[in-house]
1. Check which residues have an amide H placed less than 5 Å from A79's amide H, if you skip close sequence neighbours.
2. Can you order the peptides 28-34, 5-11, 85-91 by their average number of other Cβ atoms within 10 Å per residue, highest first?
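FYI, it's all coordinate maths here, none of it is from the lab. Please read these numbers as outputs of a predicted model, since none were measured by experiment. No Cβ is skipped: glycine too gets one built from the backbone with ideal geometry, and neighbour counts run over all protein chains shown.
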Amino acid sequence: VESAEAAMAALEARPATVIITDIIMPKINGVEAIHGIRAKHPQVRIIAISGGGNFGINAYQPNAITTTAYLAAADKAGADLTLTKPFETQELLAALARVTGTGTA
């Protein structure tokens, strides 16, 4: 879905096993979404992703929040697993296997 609001509505209409959420989103950010999901659907596994603190040399912003801080906030909010963007498809598949218990990856 295209937003946290749409994800929460979809989750009410149709249960999910796993949700993958970005942290930096308009209106409701990923950390707020994780809190909301955990409150209503504690059984749902959540993978949080972010690349928000990564800037190229020309776009360096010394006061920017780091990706590590975003993902630490997601972890504290209740994410089951976090991934730093960019990531490889195999990393995402391994993360899905871990949170669903379907593999040893």
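1. none
2. Per-residue Cβ counts within 10 Å, averaged per peptide and sorted highest first, yield 28-34, 5-11, 85-91.
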